[in-house]
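The values are calculated or read from the model by the stated rules, or taken from the named source; none is laboratory data. Note that the coordinates shown come from a computational prediction; the quantities given were computed from them, not determined experimentally. Because the Cβ atoms are built from the backbone with ideal geometry, glycine has one as well, and the counts that use them run over all protein chains shown. Just the protein is used for accessible areas: all its heavy atoms, side chains included, with ligands, DNA and RNA removed. Shrake-Rupley method; radii C 1.70, N 1.55, O 1.52, S 1.80 Å.
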Amino acid sequence: MISLNINNKVYEVDASPDMPLLWAIRDLAQLTGTKFGCGIAQCGACTVHLDGMAIRSCSFPVGAAAGKKITTIEGLSEKVGLAVQKAWVELQVPQCGYCQSGQIMSATALLTSKPHPTNADIDAAMQGNLCRCGTYQRVRSAIHRAAELIK
Amino acid sequence: MKTSPSTIDRRNFIRLTGITGAGLMLGLSINVKGETNVEHSANIAEGFEFSPFVIIEKSGQITIFNTRPEIGQGVFQSIPALIAEELEVSLDQVTIKQTGGEKKFGGGQSAGGSASVRSSYNNLRQVGAAAKAMLITAASTQWAVPFGECYAESAKVIHKPSGKTLGYGDLAEAAAKLEVPKTPQLKDPKDFKILGKPSPRPDVPLKSNGKAMFGIDVKVPGMVYASIERCPVFGGTLASFDDSATKKVKGVISVETCDRTIGAQKSTGVAVIADNYWAALQGRKALVVKWDYQGNDTFNTKDFEQTLRDAAKEDGAVQYAQGDFDKAYADAPVKLEAFYETPVVSHSAIEPMNCVASWHDGDQLEIWASTQVPGNIMNSFPKTYGIPPENLKVNVMFSGGGFGRRLYPDYIHETVLLTKKIGKPVKCIWTREDDTKLGPFRPMTFSAMKGALSADGKAIAFQHKVISPTLDGKKDFDKTKADGTMTEGISEQKYEIENMKNLFVHQYMPVPLAAWRAVTSTTLAFAHECFIDEMAVKAKADPMAFRLQMLSKDSDTKNVMQKLKEVSGWDKPLPAGWGRGVAQYEFFAGLAGYVVEVSKKGTGIKIEKVFAVIDLGTVVNPDTVEAQVQGAAVMALGAATKGGIIFEKGQTVQSNYHNNQLVRINEMPKVQVHILANGGPNIKGVGEPGLPSFAPALCNAIYAATGKRIRRLPFDINKIA
Ligand code: FES
Ligand code: FES
């Protein structure tokens with residue numbers, strides 16, 4: 001049994017330590033907001049926060065997450081995350097929506113460390129999050145909008 | 001009380017909307033509080049059915065059924081909005097339920113061909129208008145006042161002179177007993193409150209908080225997980241396997257063979273069933289499988305491209321002819337020829353193919369899936385599996401992208417075969433590697449172009465010859481015929497060129513092929529509109545003026561071109577090193593065009609500005625249209641500039657996003673979208689038309705900036721010079 005703190009709740013999961021954190025979150029803790037897209041840290045759909053840092057949960061062993069604070073899309077409750085979600089709805093960012101949990105988690109991590117990101121900052125922080133529907137233009141605008149909302 | 005009282009004569013109304021029969025209510029449902037859940041049966045208490053699409057409960061709760069799968073194109077708003085507008089309710093006053101192919105909701109329960117809104121625009125408005133008329137009649141009868149003194153607003157009927165009101169819930173029972181009006185009065189578009197205005201989509205909050213339920217998120221009691229190892233060679237199949245190591249993996253339950261049929265190909269794979277997905281993947285890795293390639297392990301892209309080039313020398317079948325192309329071309333003072341090539345590409349929706357299916361009680365089947373075709377599943381699966389149609393339930397979930405891939409239910413069949421075999425609900429998820437390697441793919445098309453000009457530089461003859469396989473993957477194609485899909489749009493452009501002869505040459509390709517967003521227009525428009533540009537250059541004419549000169553008659557294309565000229569400031573000079581290009585394409589899904597401005601940047605090209613014009617006739621949600629066109633531009637940019645799919649030894653070389661790249665945020669140009677909605681009888685599509693003309697506009701701009709003509713996709717945008 002591995003003890004995971006996800007969104008301030010403790011989950012005891014029966015997993016081998018090398019199981020990717022993604023599958024522990026989705027199949028064992030049954031939080032399905034975090035998505036599977038590639039399994040090799042290429043798409044960002046599985047992005048969660050580990051002690052506030054954005055990580056790709058598909059490529060992070062669950063054993064290494066024990067004792068750390070994991071936040072998923074379902075657990076965003078701080079000012080920045082809520083502002084990002086608000087901006088996302090205001091600007092109607094999602095199309096199919098599948099990549100958007102990951103986009104929001106990456107954007108929240110970015111704005112937490114850089115409250116006023118430039119376009120270059122956005123490029124650097126969001127490059128790991130693919131969107132096949134092509135919502136990038138609105139993702140960028142919504143990050144700038146969230147920065148305003150946080151002020 | 002259950003649903004509607006039986007005293008209603010609904011027959012006329014049924015005919016009006018093309019609906020027959022009855023069915024169950026199930027599927028994805030969303031309420032105003034933003035909760036989403038999968039409903040296994042209707043939970044409507046004391047609801048009165050005004051048509052299959054509208055139920056009003058005594059409590060005032062209004063339910064509208066959405067028949068079109070939501071794959072990102074916004075139908076979860078735009079389809080219910082058609083009913084809500086006429087019913088005089090706002091979308092936050094209603095619960096939207098997703099239909100699952102049930103007969104009573106009629107045909108068209110699919111997402112494809114950019115058809116959803118345009119094919120529903122009139123009949124779904126009539127559904128809303130009829131229900132509203134019945135509610136007003138019920139109120140005026142109760143008040144004993146003339147119908148004409150009452151009107152509806154915000155789910156209430158109001159008596160104008162007295163100001164009395166009654167809510168829809170209070171009127172539902174009496175109204176539902178009334179005859180359904182045959183020709184209800186539709187609203188004047190100038191009075192629209194929702195249609196034509198940028199409106200928020202009810203699925204967006206759920207897609208911003210992780211609550212939206214996609215196929216991959218479904219969990220049902222007793223469910224097990226599956227991952228399937230399939231033959232990497234197209235046309236190969238299973239020879240034998242050893243699962244002794246697999247069975248030692250913790251969590252693995254069993255190993256089963258499983259067939260996949262896609263297009264004309266059928267192959268047997270090996271499925272590992274486990275109590276979680278990770279265990280299934282580990283078990284799959286431990287399999288030792290021997291494949292029988294059946295001699296199909298030699299096919300490769302390089303040789304096939306040469307085959308297509310050679311096939312271009314064939315005469316081909318005539319797809320369309322006007323005037324006398326051969327004579328006009330032979331006699332013309334100025335002629336030109338060019339050959340264009342495009343790649344195979346993948347759909348690569350970020351939600352991999354997946355399905356949950358449960359075979360139970362002998363002959364009952366329930367499916368939960370992200371799919372574009374619930375109607376087809378409902379029609380064909382009962383026959384395939386030998387069960388009565390009423391024993392099948394399909395739950396349509398949000399799709400994490402479709403782009404044509406989810407028109408093909410091969411992944412759903414696999415899951416059904418597995419649940420039937422093991423008698424437990426199964427969730428089967430493809431890995432990204434499965435999704436990338438196994439297709440189906442958008443085929444390439446090669447185009448041999450010919451054009452002729454008069455001495456004064458006017459286009460007098462034009463030929464587009466398409467050389468390609470067909471989507472159905474049939475080997476024995478009748479070479480005397482031209483395939484409509486593979487020649488899509490090439491004879492539909494509005495340019496007035498007197499002599500034209502368009503041709504098709506078939507060449508069989510042994511990999512599974514599929515429609516891709518905007519289908520064949522995505523490759524044909526590149527050849528077509530770049531070659532028009534070549535003709536303009538040869539005529540020493542401005543590419544915009546050259547096109548407009550061939551558009552003397554009024555047409556939507558002419559309007560698009562003029563709008564592009566205006567919004568892009570076409571005649572304004574550009575900075576040194578910049579170039580601009582234009583292109584448009586009209587095809588079955590609709591019509592759009594682009595002006596792209598680029599600049600030289602070192603050895604490569606930077607996209608500076610993108611102006612898009614899409615012609616719709618009538619627009620339902622301009623905000624969704626803007627998003628769809630921007631998304632289409634991104635997808636087109638990727639197909640034009642990323643590597644594409646390559647085959648070697650009968651297999652796909654690419655495997656995941658690291659070697660099958662998609663456009664990322666840092667590569668996204670700003671796309672300014674303009675919508676033409678000037679009325680007219682034809683409503684055009686939204687989801688696809690933004691794709692075809694992007695690549696040719698970009699390549700025409702690159703020519704203007706650098707003098708380099710790009711005739712083969714993909715190209716490396718960072719290495720043009
Ligand atoms: S699923 Fe983790 S980055 Fe793609
Ligand atoms: S919204 Fe569909 S993949 Fe991003």
Q | Hits in the stretch A:113-135 - residues which are assigned to a helix (DSSP H, G or I) and more than 16 Å from ligand 1 (Cβ to nearest atom) | A | A:Ser113, A:Asn119, A:Ala120, A:Asp121, A:Ile122, A:Asp123, A:Ala124
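Residue-by-condition table, conditions (1) more than 27 Å from the chain's Cα centre (by Cα); (2) buried (at least 18 other Cβ atoms within 10 Å of the Cβ):
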site	(1), (2)
B:Val671	no, yes
B:Pro692	no, yes
B:Ala695	no, yes
B:Cys699	no, yes
B:Ile702	yes, yes
B:Lys708	yes, no
B:Phe715	no, yes
Q. Hey, B:Gly148 hits all of (1) more than 26 Å from A:Tyr98 (Cα to Cα); (2) part of a helix (DSSP H, G or I); (3) in contact (Cβ under 8 Å) with a residue 40 or more places away in the chain but one; which does it fall short on?
A. (3)
(Q) Can you confirm whether B:Ile216 is within 16 Å of ligand 1 (Cβ to nearest atom) and not assigned by TED's automatic domain parsing to the domain that holds B:Ser358? (A) yes
**Q.** Residue, farthest from B:Ile412 (Cα to Cα), within the stretch B:251-308, restricted to residues that are hydroxyl-bearing (Ser, Thr, Tyr) and surrounded by fewer than 20 Cβ atoms within 10 Å (Cβ to Cβ)
**A.** B:Thr307
Q. Does any residue of the stretch A:78-100 turn out to be closer than 17 Å to A:Thr34 by Cα, of a type in the set (Lys, Arg) and more than 16 Å from ligand 1 (Cβ to nearest atom)?
A. no
Q. Do you know which residues across the stretch A:40-55 are more than 16 Å from ligand 2 (Cβ to nearest atom) and within 14 Å of chain B (Cβ to nearest Cβ)?
A. A:Ile40, A:Ala41, A:Val48, A:His49
**Q.** Near pairs, Cβ below 8 angstrom, 6+ apart or cross-chain, from the stretch A:86-106 (without any contact (Cβ under 8 Å) to a residue 12 or more places away in the chain and open to solvent by 10 Å² or more (accessible area, probe 1.4 Å)) to any residue that is of a type outside the set (A, V, I, L, M) and away from ligand 1 (no atom under 16 Å from the Cβ)
**A.** A:Val89/B:Pro200; A:Val89/B:Pro205; A:Val89/B:Ser208
Q) Somewhere in the stretch B:578-599, is a residue over 20 Å from B:Gly679 (Cα atoms) and part of a loop (DSSP other than H, G, I, E, B)? A) no
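Tell me, yes or no, whether the stretch B:385-405 has at least one residue that is more than 13 Å from chain A (Cβ to nearest Cβ), touching a Cys at 6+ places or on another chain (Cβ under 7 Å) and away from ligand 2 (no atom under 16 Å from the Cβ). Spell out the reasoning first.
The initial filter retains those residues of the stretch B:385-405 that are more than 13 Å from chain A (Cβ to nearest Cβ), namely B:385-396.
Now narrow it down to the ones that are touching a Cys at 6+ places or on another chain (Cβ under 7 Å): none.
So far as the stretch B:385-405 goes, no, none of its residues is more than 13 Å from chain A (Cβ to nearest Cβ), touching a Cys at 6+ places or on another chain (Cβ under 7 Å) and away from ligand 2 (no atom under 16 Å from the Cβ).
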Q: Only residues that are outside any strand (DSSP E or B) and surrounded by fewer than 24 Cβ atoms within 10 Å (Cβ to Cβ): list them for the stretch B:604-618, please.
A: B:Gly617, B:Thr618
Q) Would you say B:Val334 is surrounded by fewer than 20 Cβ atoms within 10 Å (Cβ to Cβ) and among the hydrophobic types (A, V, I, L, M, F, W, C)? A) yes
Q. Would a scan of the stretch A:63-74 turn up a residue that is surrounded by fewer than 24 Cβ atoms within 10 Å (Cβ to Cβ), under 27 Å from B:Trp278 (Cα atoms), more than 15 Å from ligand 1 (Cβ to nearest atom) and within 11 Å of chain B (Cβ to nearest Cβ)?
A. yes
(Q) Checking A:Ile73 against (1) modelled with pLDDT of 95 or more; (2) away from ligand 2 (no atom under 15 Å from the Cβ): exactly one of these is not met. Which one? (A) (2)
(Q) Restricting to the stretch A:107-121, name every residue that is closer than 28 Å to B:Phe611 by Cα and either open to solvent by 60 Å² or more (accessible area, probe 1.4 Å) or facing another protein chain (nearest Cβ under 7 Å) (or both). (A) A:Thr118, A:Asn119, A:Ala120
Q) Between residues in the stretch B:656-673 that are more than 7 Å from chain A (Cβ to nearest Cβ) and residues that are open to solvent by 70 Å² or more (accessible area, probe 1.4 Å), which pairs lie under 8 Å by C-beta distance while being six or more apart or on different chains? A) B:Pro669/B:Lys609; B:Gln672/B:Lys609
Q: Any chance you could count how many residues in the stretch B:337-369 are closer than 28 Å to B:Arg442 by Cβ and either surrounded by 24 or more Cβ atoms within 10 Å (Cβ to Cβ) or in contact with a strand residue (DSSP E or B) (Cβ under 6 Å, 6 or more places away or on another chain) (or both)?
A: 23
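Tell me which residues, restricted to the stretch B:533-545, are in contact with a strand residue (DSSP E or B) (Cβ under 8 Å, 6 or more places away or on another chain) and open to solvent by less than 10 Å² (accessible area, probe 1.4 Å). Even if it seems obvious, please write down each step before you answer.
Going residue by residue through the stretch B:533-545, those that are in contact with a strand residue (DSSP E or B) (Cβ under 8 Å, 6 or more places away or on another chain) are B:533-535, B:538-539, B:543-544.
Of everything in the stretch B:533-545, those that are in contact with a strand residue (DSSP E or B) (Cβ under 8 Å, 6 or more places away or on another chain) and open to solvent by less than 10 Å² (accessible area, probe 1.4 Å) turn out to be B:Asp533, B:Met535, B:Met544.
I'd like the full set of residues that are within 23 Å of the chain's Cα centre (by Cα) and open to solvent by less than 20 Å² (accessible area, probe 1.4 Å), limited to the stretch B:645-669.
Taking the stretch B:645-669 as the starting set, the residues that turn out to be within 23 Å of the chain's Cα centre (by Cα) are B:645, B:656-657, B:660-665, B:668-669.
B:Ile645, B:Asn656, B:Tyr657, B:Asn660, B:Leu662, B:Val663, B:Ile665, B:Pro669 - these are the residues of the stretch B:645-669 that are within 23 Å of the chain's Cα centre (by Cα) and open to solvent by less than 20 Å² (accessible area, probe 1.4 Å).
Given the criterion within 14 Å of chain A (Cβ to nearest Cβ) and within 29 Å of the chain's Cα centre (by Cα), identify the matching residue among B:Thr470, B:Thr445, B:Thr436. Let's see the steps before the verdict.
On the way: B:Thr470 fails: within 14 Å of chain A (Cβ to nearest Cβ); B:Thr445 fails: within 14 Å of chain A (Cβ to nearest Cβ).
Unique residue meeting the criteria: B:Thr436.
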**Q.** Checklist (1) within 22 Å of the chain's Cα centre (by Cα); (2) over 25 Å from B:Ala448 (Cα atoms); (3) open to solvent by 10 Å² or more (accessible area, probe 1.4 Å) applied to B:Lys642, failing item
**A.** (2)
Q.
Taking the conditions exactly as written (within 12 Å of ligand 1 (Cβ to nearest atom) and farther than 30 Å from B:Val625 by Cα), does A:Ser59 satisfy them or not?
A. yes
Q.
Can you say whether A:Thr118 is at pLDDT 95 or above, touching a Cys at 6+ places or on another chain (Cβ under 7 Å) and among the hydroxyl-bearing types (Ser, Thr, Tyr), as far as the supplied structure shows?
A. no
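Would you mind listing the strands (runs of 3 or more DSSP E) fully within the stretch B:154-248 where at least 2 residues are crowded, with 18+ Cβ neighbours inside 10 Å and within 34 Å of the chain's Cα centre (by Cα)?
Details: elements: B:156-159, B:165-167, B:224-229, B:237-242.
Here the list reads B:224-229, B:237-242.
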Q: Please specify each residue of the stretch B:82-113 satisfying the condition of being within 14 Å of chain A (Cβ to nearest Cβ) and either under 13 Å from B:Arg201 (Cα atoms) or over 20 Å from the mean Cα position of the chain (by Cα) (or both).
A: B:Leu91, B:Asp92
Q | Residue ID - nearest to the other protein chains (Cβ to nearest Cβ), chosen from residues in the stretch B:406-426 that are open to solvent by less than 10 Å² (accessible area, probe 1.4 Å) and under 30 Å from A:Gln100 (Cα atoms) | A | B:Arg406
Q | Inter-residue pairs, beta-carbon under 9 Å, first farther than 17 Å from B:His360 by Cα and in the stretch B:378-390, second polar (S, T, N, Q) and assigned to a loop (DSSP other than H, G, I, E, B), 6+ apart | A | B:Met378/B:Gln109
